[in-house]
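Chemist: If you scroll down you'll find the structure; I have some questions about it.
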Amino acid sequence: MTPPSSTTRRLDVDYLARVEGEGSMYVKLAGDTIEELRFEIFEPPRFFEAFLRDRRFGEAPDITARICGICPVAYQMSSVHAMEDAAGVAVDGPLRDLRTLLYCGEWIESHGLHVYLLHAPDFLGYESAIHMAQDHKDVVERGLQLKKAGNDVVNLVGGREIHPVNVKVGGFYRLPSRAELDGLLPALRWAREAAAATIDWVAGFDFPDLEPDYLFVSTDHPDEYPFLGDRIRGSNGLDIAVAEWNDHFEELQVPHSTSLHARLRSGEQYHVGPLARYSLNSEKLAPAARAAAAEAGLGPECRNPFRSIVVRSVEILHAIETALGIIDRWDPPPAPAVDVAPRDAEGHGVSEAPRGLLYHRYRVDGEGLIADAQIVPPTSQNQAVIEDDLRRFVLANLELPDDQLTWTLEQAIRNYDPCISCSCHFLNLEIDRG
């Protein structure tokens with residue numbers, strides 16, 4: 001089927017399912033040339049950086065957790081790292097392990113949700129996971145149970161599944177008991193097998209042949225696949241301390257978006273998220289996850305955005321293996337937190353949300369009040385790269401009819417899992433063929 005012969009093609013999408021937020025895209029074509037493409041974000045600003053000003057530094061974890069209902073741990077961890085950096089305090093040992101365990105729960109539940117309910121329907125041709133469940137009930141139930149295993153970890157360590165309340169600057173309010181941690185083991189052991197089956201399942205999907213030359217950026221740790229990295233590294237040789245973020249990166253407002261874009265100060269766009277983490281750190285995966293990645297056909301790096309569903313599935317298995325290891329070696333510290341006293345200083349924190357690198361910066365005064373806050377979420381960092389991918393997909397699929405072209409572009413956006421408050425719905429897609 002060929003596109004209509006009309007010089008103008010208009011595609012109106014009232015609602016993009018399986019992401020959250022508000023946005024639209026406009027494409028103007030002159031023959032085979034894209035004259036204009038805008039990925040527009042018009043979700044109202046939420047003012048979290050402003051809310052944080054003049055609040056006590058210890059309130060940051062609870063306030064920032066409300067930014068996202070699916071990845072609140074990432075916001076909490078970046079905020080506590082920044083506050084501890086400002087105070088000159090390092091949290092290591094069992095408390096850091098417990099933070100990593102909490103992070104594992106978030107990756108399991110968030111990636112599980114995206115793989116099974118938000119992304120897989122694209123590859124199998126279903127409008128939604130509800131439609132997919134009519135033919136693949138066992139698969140969807142496996143995804144829901146896998147997500148629950150992650151939710152159980154977050155609930156125990158974080159105090160509740162959504163917007164955890166047990167995290168504080170310096171550690172936690174309460175430590176889980178040995179019996180409570182052991183209670184997670186049956187579900188996690190089941191989830192390990194389910195994650196391996198998930199990798200086998202998604203590796204069999206059909207993927208477009210596309211490998212852009214992304215500039216990847218992720219956090220970095222010398223010995224660990226990064227949940228809680230202590231530096232920032234890029235595929236272009238970038239290797240900086242977290243405190244150097246604003247020396248190398250910048251945010252900018254674009255006329256068509258209420259969401260800031262981010263880029264290197266050199267003007268280069270960059271990609272954060274599972275592909276970046278994997279391509280820069282695949283050798284640090286847990287052995288079982290690394291073997292499963294190889295069996296699924298992934299090399300030491302992956303540049304195909306559609307295959308991000310495979311990388312996410314590998315990261316689920318890595319998170320489960322990491323969680324099981326932490327529980328096995330758990331030796332509780334003498335106290336649930338270390339003392340953190342405020343001082344007049346600036347602090348920087350970074351961690352890896354399921355969707356990618358998340359940077360926080362705070363200025364705290366001597367009374368412990370937040371004077372300034374900067375939060376750079378992963379989805380805003382990827383906005384420019386998403387636009388570039390959309391340009392590639394439009395040019396590669398000019399011959400498609402409008403409905404199929406719309407589906408392809410929607411799937412291209414969902415490759416990035418741009419969900420909740422820092423993402424967008426895809427509304428009013430208009431293609432003007434001149």
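Chemist: Within the range 84-118, which residues are more than 22 Å from Glu224 (Cβ to Cβ) and either open to solvent by less than 10 Å² (accessible area, probe 1.4 Å) or acidic (Asp, Glu) (or both)?
Modeler: Passing the criteria: Ala86, His114, Val115, Tyr116.
Chemist: For a quick check of your reading: which helices (runs of 4 or more DSSP H) sit entirely within the range 281-396 and have at least 2 residues that are modelled with pLDDT of 95 or more?
Modeler: 287-295, 308-329
Chemist: Suppose the filter is small (Gly, Ala, Ser), in contact with a strand residue (DSSP E or B) (Cβ under 8 Å, 6 or more places away or on another chain) and at pLDDT 95 or above; does Gly88 pass it?
Modeler: Taking the combined requirement at face value, the residue satisfies it.
Chemist: Follow-up question, since we're still on this one. Select the helices (runs of 4 or more DSSP H) contained entirely in the range 176-262, then report the ones holding at least 1 residues which are of a type in the set (Asp, Glu) and closer than 28 Å to Asp92 by Cα.
Modeler: Answer list for the range 176-262: 178-182, 245-248.
Chemist: Working only within the range 140-160, note down all residues that are more than 20 Å from Leu101 (Cβ to Cβ) and open to solvent by 30 Å² or more (accessible area, probe 1.4 Å).
Modeler: Correct list: Glu141, Arg142, Leu144.
The values are calculated or read from the model by the stated rules, or taken from the named source; none is laboratory data. Just so we're clear, the structure is a prediction, and the values are computed from it rather than from any experiment. A quick note on method: Cβ atoms are made from the backbone with ideal geometry, for glycine too, and the neighbour counts reach across all protein chains shown. Protein only, heavy atoms only, side chains kept; ligands, DNA and RNA dropped before computing areas. Shrake-Rupley method; radii C 1.70, N 1.55, O 1.52, S 1.80 Å.
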